[in-house]
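Visitor: So that we are looking at the same thing, I have put the structure below in structure tokens.
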């Protein structure tokens with residue numbers, strides 16, 4: 001069996017262009033699907049996929065570990081997030097092929113079931129962009145939070161920390177606390193709430209001021225309290241935080257996670273299958289986390305193939321605490337790909353499929369061609385014109 005072709009299919013989903021990857025083999029009818037979505041980098045990722053294709057065409061698709069090593073090592077330059085996202089899309093498709101060739105689900109090839117069902121969470125509006133990033137009042141937060149719970153979710157993530165510089169004002173801190181208090185009272189103590197800081201605080205002290213204000217309402221975790229790439233700052237936040245701390249969605253190399261694990265600078269790691277190199281690399285990160293006593297909450301605000309891949313990974317990985325998904329990002333989320341998980345009392349049940357169980361309707365995909373993504377980060381400007389982190 002040999003890889004015969006690698007190609008990309010781009011599907012515009014408003015905030016993101018989903019980048020699907022199809023890997024064909026020389027066996028009739030045997031191919032696999034992956035996803036390499038990377039916000040605001042669509043053309044770069046598609047180009048990277050094309051650059052990587054000659055490294056894998058003609059090779060056995062079942063030699064997944066070797067193919068990942070080739071793609072990482074034979075480009076001379078470290079792949080970075082664009083290169084690793086491209087690798088991820090190809091790698092996920094290889095597992096789909098492997099599972100199909102054996103008549104087995106991918107989760108079984110990853111070591112078998114570590115659980116029977118996966119706890120999941122979504123965002124306000126089920127991931128619709130304006131609901132996620134533009135809910136700035138307690139009334140809207142409560143309304144949208146209740147709507148998520150009414151859809152059967154038992155956990156919800158919110159982005160309520162304002163654009164912040166090196167200090168947070170008393171008014172900002174009090175507003176965040178008031179919004180969290182209103183949401184907690186509305187949904188009750190049986191619903192988990194996660195607060196994504198989006199790396200907006202520019203200092204440890206500003207991050208901690210918000211965290212201390214949120215602590216009485218017992219968030220499941222605080223996500224990205226400061227910008228990624230600063231293990232010392234993360235260590236300082238985690239050491240003083242009264243709430244669990246999560247980070248990792250913008251880290252792509254196992255060594256970046258290792259720097260945090262060695263310092264115990266987080267409680268929950270959030271690697272993304274579509275950015276770190278696929279199942280192969282994220283399994284390494286999960287093993288490192290387990291050795292350090294750190295849980296995993298895989299990042300996934302991406303498209304339907306990424307969602308299905310995350311489902312298989314979470315079934316097979318003991319350290320997974322909860323899985324992110326955004327199946328309401330666009331109304332037609334489930335039309336372009338079939339095989340999506342169904343929510344059951346806040347969980348996804350174990351998939352009984354072959355490979356990933358993915359079917360892509362390329363006619364539907366073609367109705368949503370590439371388009372420039374919304375530059376939402378342009379709003380991250382303070383009143384005095386200072387550019388801050390989105």
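Visitor: Residue check: is residue 226 assigned by TED's automatic domain parsing to the domain that holds residue 122 and either surrounded by fewer than 23 Cβ atoms within 10 Å (Cβ to Cβ) or outside any helix (DSSP H, G or I) (or both)?
Guide: yes
Visitor: Here are the criteria: (1) in a helix (DSSP H, G or I); (2) buried (at least 24 other Cβ atoms within 10 Å of the Cβ). Tell me which single one residue 302 does not satisfy.
Guide: (1)
Visitor: Under 6 Å between Cβ atoms, at least 6 apart or on separate chains: pull out the pairs that start in the range 41-55 with a residue that is in contact (Cβ under 8 Å) with a residue 60 or more places away in the chain and end on any residue that is outside any helix (DSSP H, G or I).
Guide: Final answer for the pair search is 42/17.
Visitor: Taking the options 325, 373, name whichever one is modelled with pLDDT under 95, under 21 Å from residue 126 (Cβ atoms) and outside the structural domain of residue 10 (by TED's automatic domain parsing).
Guide: Result of the check over 325, 373: 373.
Visitor: Hey, among 371, 365, 309, which residue is under 20 Å from residue 36 (Cα atoms), surrounded by 24 or more Cβ atoms within 10 Å (Cβ to Cβ) and either within 19 Å of the chain's Cα centre (by Cα) or touching a residue at least 40 places away in the same chain (Cβ under 8 Å) (or both)?
Guide: 309
Visitor: crowded, with 20+ Cβ neighbours inside 10 Å and closer than 20 Å to residue 389 by Cα - does that describe any residue in the range 137-153?
Guide: No, the range 137-153 contains no residue that is crowded, with 20+ Cβ neighbours inside 10 Å and closer than 20 Å to residue 389 by Cα.
Visitor: Something else now. Collect the residues in the range 326-358 that are closer than 22 Å to residue 46 by Cβ and assigned to a strand (DSSP E or B), keeping them in residue-number order.
Guide: 337
Visitor: Based on what the data block shows, is residue 81 surrounded by fewer than 24 Cβ atoms within 10 Å (Cβ to Cβ) and under 30 Å from residue 132 (Cβ atoms)?
Guide: yes
Visitor: Also: For a quick check of your reading: which helices (runs of 4 or more DSSP H) sit entirely within the range 119-198 and have at least 1 residues that are touching a residue at least 60 places away in the same chain (Cβ under 8 Å)?
Guide: Result: 129-133.
Visitor: Residue by residue through the range 132-155, note down the ones that are within 18 Å of the chain's Cα centre (by Cα) and under 30 Å from residue 383 (Cα atoms).
Guide: Listed by number, the residues that qualify are 132, 133.
Visitor: Looking at 260, 251, can you tell me which residue is in contact with a strand residue (DSSP E or B) (Cβ under 9 Å, 6 or more places away or on another chain) and outside any helix (DSSP H, G or I)?
Guide: Of the residues listed, the single one that is in contact with a strand residue (DSSP E or B) (Cβ under 9 Å, 6 or more places away or on another chain) and outside any helix (DSSP H, G or I) is 251.
Visitor: Now, a different point. Have a look at 290, 256, 235 and point out the one that is closer than 19 Å to residue 111 by Cα and either in the same structural domain as residue 166 (by TED's automatic domain parsing) or more than 18 Å from the chain's Cα centre (by Cα) (or both).
Guide: After applying the criteria, what remains is 290.
Visitor: Would you pick out the residues in the range 234-253 that are in contact with a helix residue (DSSP H, G or I) (Cβ under 7 Å, 6 or more places away or on another chain) and either more than 15 Å from residue 284 (Cβ to Cβ) or surrounded by fewer than 19 Cβ atoms within 10 Å (Cβ to Cβ) (or both)?
Guide: Matches in the range 234-253: 234, 235, 236, 237, 240, 241, 242, 243, 245, 247.
The values are calculated or read from the model by the stated rules, or taken from the named source; none is laboratory data. For clarity, every value in this text was computed on a predicted model and none was experimentally measured. Cβ sites come from the backbone with ideal geometry, for glycine too, and all protein chains shown count toward neighbours.
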